[in-house]
Ligand SMILES: Nc1ncnc2c1ncn2[C@@H]1O[C@H](COP(=O)(O)OP(=O)(O)OP(=O)(O)O)[C@@H](O)[C@H]1O
Ligand SMILES: [Mg+2]
């Protein structure tokens, strides 16, 4: 699958980004780019730094060195975060608010939208993720798959230019994984720039433009999707692929 | 045991000549309620504020509030009341000390302030623990949406933490009411003190303390109902497990 590459700057540029906790290096000089409208899947063994990698894009995790630009700008963390949506492994919906309240909170507090305007946006997005009927419910009344779709809608309500996903399906029952991946694939089709940490190689194959493979804080492989699956260069990527694909 | 029971003692005029023994006890109850209500009115907002400050990233306020909580939580309440009521006026320079001792209702004011500070320290401990018990992801999710740390605290962490700590706060509320009896030691004529004077005047110790016990139980029964109501009103759909109230279906 190929996308028209626009001539302007990539949506995400990271240059030699390093981060450590004390003496333990979590990211070791990671350099990569994500073009506008591109979908990049990040995979790798547990503890390799995948979550940290995407959390540095919206400055949820500060870095010690290197630069990260979103749409060519090194902006203040708060402005940046309002423009990047993030979806977490454990949904992290706000349990005291209704679905609608979850979608409206930051629209009103961060973007200054009116209550009516925020609600209009929220209802339209709930329609899009197939949850229009659940708007008044609270998170605890929804299934895991529904909660994660609400979380996606909540992020989209901020009109993000980039969406980050940290293992969005790994806390879901198997029968709900498909419906969530469908929502994400549709988002990709609509041209959203996405960075997705996932072990769903089927999704990667179908939707991703590129795959980044991480190991011990380093980007070991950064290749177009087809190339990654057909001719992985690193030993560990080959091992991972054979484990996942031959089961 | 040759104790002469006399339940008819209550309407009898008390030896201090101010009215019946019943009215003696009821005036004690009045001071107990006033002390409990005012000290809780101080402890709840102050304790919540301190509890919140103790979870902020800023080091200065956090350490100051930690110190406050440790100090006031760990010194016995009876010692605190004595320090403020008896020791403080002696330590102050002469005119100020005398002025303090002669203030009207000094025992009442000291009781309210000491108990309020003490309960505030305990409330702050509950609120802090409640906020810290929330999953780290909740904070990250708020921050990732572009909310400021203060907005995350106010709109996300606090409303959830308060629901978690409500049962603990209810028990602090009960403790606060019960602890008003410590004020007897600095001369406040609250319910326990009145029961004691009734015993001293009439020698009907069992009747006096039976009545006091029933009055404390009645007050705390109202407290318990009030907190149960608050818990029910704040319960979240899909998460509510109201206590002592069975299953709805
Ligand atoms: N707050 C922290 N303090 C110290 N070390 C941390 C902290 N957060 C993460 N780490 C370490 O950093 C490394 C990378 O963590 P990260 O969460 O990015 O890995 P990951 O690839 O997402 O793993 P997983 O697949 O298990 O989610 C791990 O070894 C982890 O133990
Ligand atoms: Mg991770």
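Here are a few things to note about the model shown:
- Intensity falloff of the stretch B:50-159 expressed as log10 I(q)/I(0), Debye formula with alpha-carbon point scatterers, at q = 0.24 Å⁻¹: -1.22
- Gaussian network model of chain A, Cα within-10 Å springs - most flexible of A:115, A:11, A:185: A:115
- All Cα-Cα separations within the protein assembly as shown were binned at 10 Å from zero, giving a P(r) of 4, 15, 20, 18, 13, 11, 9, 6, 3, 1, 0, each value a whole percent of the pairs.
- Contact order relative to length of the stretch B:30-191, as percent, for alpha carbon pairs under 8 angstrom and 6 or more apart: 38 percent
- Three-way shape label, the stretch B:147-249, alpha-carbon gyration tensor, a/c 1.5: oblate
- For chain A: rounded, prolate or oblate by the Cα gyration tensor [a/c cutoff 1.5]: prolate
- Once the Cβ-Cβ distance of residue B:148 and residue B:64 is raised to the sixth power relative to R0 = 22 Å, the FRET efficiency obtained is 0.45.
- Fewest neighbouring Cβ atoms within 10 Å first, the residues A:192, B:81, B:227 line up as B:227, A:192, B:81.
- Relative pair counts by distance (%), Cα atoms of chain B, 10 Å bins: 7, 24, 27, 22, 13, 6, 2, 0
- Nearest 10 degrees, 0 to 90: helix A:144-156 Cα axis against chain A principal axis: 90 degrees
- With Cα atoms, 0 to 90° folded angle of helix A:174-189 axis to chain A main axis: 90 degrees
- Grouping the Cα pair distances of the stretch B:130-186 into 10 Å bins from zero gives a pair-distance distribution of 21, 34, 19, 16, 9, 1 percent in increasing distance order.
- Only DSSP H runs of four or more residues enter the estimate; each adds -39500 (n - 2.57), and after division by the residues of chain A the mean residue ellipticity at 222 nm equals -11000 deg cm²/dmol.
- Surface/4 of the Cα convex hull for the stretch A:187-232, nm²: 3.4 nm²
- Three-way shape call for the stretch A:124-247 based on the alpha-carbon gyration tensor, with the a/c threshold at 1.5: prolate
- Scattering profile of the stretch A:101-183 at q = 0.13, 0.15, 0.22, 0.26 Å⁻¹ [log10 I(q)/I(0), Debye over alpha-carbon scatterers]: -0.40, -0.53, -1.07, -1.34
- C-alpha long axis of helix B:205-234 to longest principal axis of chain B, angle in °: 20 degrees
- Relative contact order (%) - the stretch A:103-247, alpha-carbon pairs under 8 angstrom, separation at least six: 16 percent
- Ranking of A:109, B:101 by neighbouring Cβ atoms within 10 Å, starting from the fewest: B:101, A:109.
- Taking all Cα pairs closer than 8 Å and separated by 6 or more residues, the relative contact order of chain A comes to 26 percent.
- Segment residue B:217-residue B:74, extension gain: residue separation times 0.36 nm, minus the distance between their alpha carbons: 48.8 nm
- Centroid-to-centroid separation of the stretch A:27-55 and the stretch B:141-206 [C-alpha atoms, Å]: 50 Å
None of the figures in this text is laboratory data; all of them are computed from the coordinates on show. Everything numeric in this text was worked out from a predicted model, so none of it was measured. Don't worry about glycine lacking a Cβ; one is built from the backbone with ideal geometry, like all the others, and counts go over all protein chains shown.
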